[in-house]
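The values are calculated or read from the model by the stated rules, or taken from the named source; none is laboratory data. This one's a predicted model, so the numbers in the text were calculated from it and none came from an experiment. Neighbour counts run over all protein chains shown; Cβ positions are idealised from the backbone, glycine included. With ligands, DNA and RNA removed, areas are computed over all heavy atoms of the protein, side chains included. Shrake-Rupley method; radii C 1.70, N 1.55, O 1.52, S 1.80 Å.
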Amino acid sequence: MSVLGIELRRSAAAGAALIALTVGVAALYTAPGRWSEGWMSLALTVKEYMILLWPIALAAGAWQGRREHRAKVGELFATTPRSRARRMLPVLVAMAASVGLAFLLVMGAAGLRIVSTAAYFPPDVVAITLVGAFSLVAAAWLGLGIGRLLPTLVTAPVLAVAGVLLVFFTAIMRPDWVGAILSPAYGSSPFYPFQTIDPRVTAVLAIFMGGLALTGVLLLVAEGRRASVAAALPVLLGFGVAAVIVPRDEASLVAPIDPVARELVCTEDAPKVCVTRVHANVLDALTPLARQGLSVLAKMPDGPTQAHEDTRAYITGDVPARDPDVVTITVRIDDRGGLAHPDAVVPEMVFGLGAGYGNAECERNGAVERAAAYHLLGREPVSDVGVIPEMIEEEPQLNAEAVALWQGLRKLPAPEALSRVTAVRDAILTCQDPTGLLSR
């Protein structure tokens, strides 16, 4: 234990942990909105930041691995009765404990921010976090072996750059299953709040990182050229085993769905408002706004009677069947885990006139739909910029045309104007072009 304590104080272990912790926490808190939705969003974001953390651990290991060469004590230590493997054990333990703990502290530092708002804790988060910490250990041990094999001053910085490129390019390489094995950042790009990582993908990463770690250990303790060459066998074997069990289907590799996170949590009273389980904490804030939107849509005959959060999975093409009694809502989460852009909830519900998901292939007329929606809202159409959060630019004539159509509706008797607005809704439902329905 005294030797281990000395290694923790005097080796690169503590410095590597401090740098990894600082970089990880700073990266997370620079953009907290990327992970404020919940625990899985946090795990995916930290996994994405492995493009920074993994090279740090790799370079730190390489810097530590050249210590004996730098101090010129290799021949002196070789005369001692202790084997090289026993002498390197405290170094391996110190580096592993330091970088592994740093990764867990990065998760913990961000978890404190969302612990009171995250309504759902997926069990897969535990496995993803532990494998992430183990990936840093593998990087540090591999760096130790390479640093001992190539004990030059430029080895550590070159490995840092190489690590960034390796994590990035393996994460996007094709076929996807190869990237799932090789990259500690694979599968971290967020597309929807109920996204997860397939447990088999987490398992194959752990297997490959285990082979990588063992290769690093063998390089560190190898005596002779043959032993150094044989050190490549564990990583090759790890890749082979992982390649056998890694899933090949796109649904498991590309933004898979957590069905529990996508389950709907609803109000007990009517009109019913539902959100996904991962957003259950904003149900109380969303309910009055959603019911206000339902009351506006109720002006039309056969309007929707329920409001549900949009549960489509765009990447995998998983689109639930549309229910004419249900209007879908896009739920956004702010940096603190609460409901973001509450002013956009009612307009967005009415803009689609309660038509549900719609069809991207249908003929649409934005000016007509906007005029009809604002007639139900009882106010003059305005630009979507500043109303819809994702809208940053639009054609000025689009809103001008909508204003002209809206003014025409105001001149009509109320029943006739409502009849035309309903006709626009019916055209959207049946995938027809609504052009001319307001001005006939």
Residue in the range 312-322 that is at pLDDT 75 or above and touching a Lys or Arg at 6+ places or on another chain (Cβ under 7 Å) present = no
Answer yes or no: is there a residue in the range 90-99 that is at pLDDT below 95, within 22 Å of Ala59 (Cβ to Cβ), open to solvent by 30 Å² or more (accessible area, probe 1.4 Å) and over 18 Å from the mean Cα position of the chain (by Cα).
-> yes
Does the range 383-394 include one or more residues that are at pLDDT 85 or above and either exposed (fewer than 15 other Cβ atoms within 10 Å of the Cβ) or under 35 Å from the mean Cα position of the chain (by Cα) (or both)?
-> no
Collect the residues in the range 312-339 that are in a loop (DSSP other than H, G, I, E, B), in contact (Cβ under 8 Å) with a residue 60 or more places away in the chain and surrounded by fewer than 20 Cβ atoms within 10 Å (Cβ to Cβ), keeping them in residue-number order.
-> Arg312, Tyr314, Ile315, Thr316, Pro324, Asp334, Asp335, Arg336, Gly338
In this structure, is Ala85 of a type in the set (A, V, I, L, M, F, W, C), open to solvent by 30 Å² or more (accessible area, probe 1.4 Å) and modelled with pLDDT under 65?
-> no
Checked the range 223-257 for anything over 27 Å from Gly145 (Cα atoms) and in contact with a Lys or Arg (Cβ under 9 Å, 6 or more places away or on another chain); matches are Ile245, Val246, Pro247, Ser252
Conditions (1) surrounded by fewer than 23 Cβ atoms within 10 Å (Cβ to Cβ); (2) closer than 30 Å to Val319 by Cα: number failed by Val244 = (2)
Run Val368 past the list (1) at pLDDT below 75; (2) among the β-branched types (Val, Ile, Thr); (3) buried (at least 22 other Cβ atoms within 10 Å of the Cβ) and report the number of the one that doesn't hold.
-> (1)
Answer yes or no as to whether Glu416 is more than 40 Å from the chain's Cα centre (by Cα), in a helix (DSSP H, G or I), among the acidic types (Asp, Glu) and at pLDDT 85 or above.
-> yes
Counting only residues in the range 218-238 that are of a type in the set (Val, Ile, Thr) and surrounded by fewer than 21 Cβ atoms within 10 Å (Cβ to Cβ), the one nearest to Ala251 (Cα to Cα) is identified as Val229
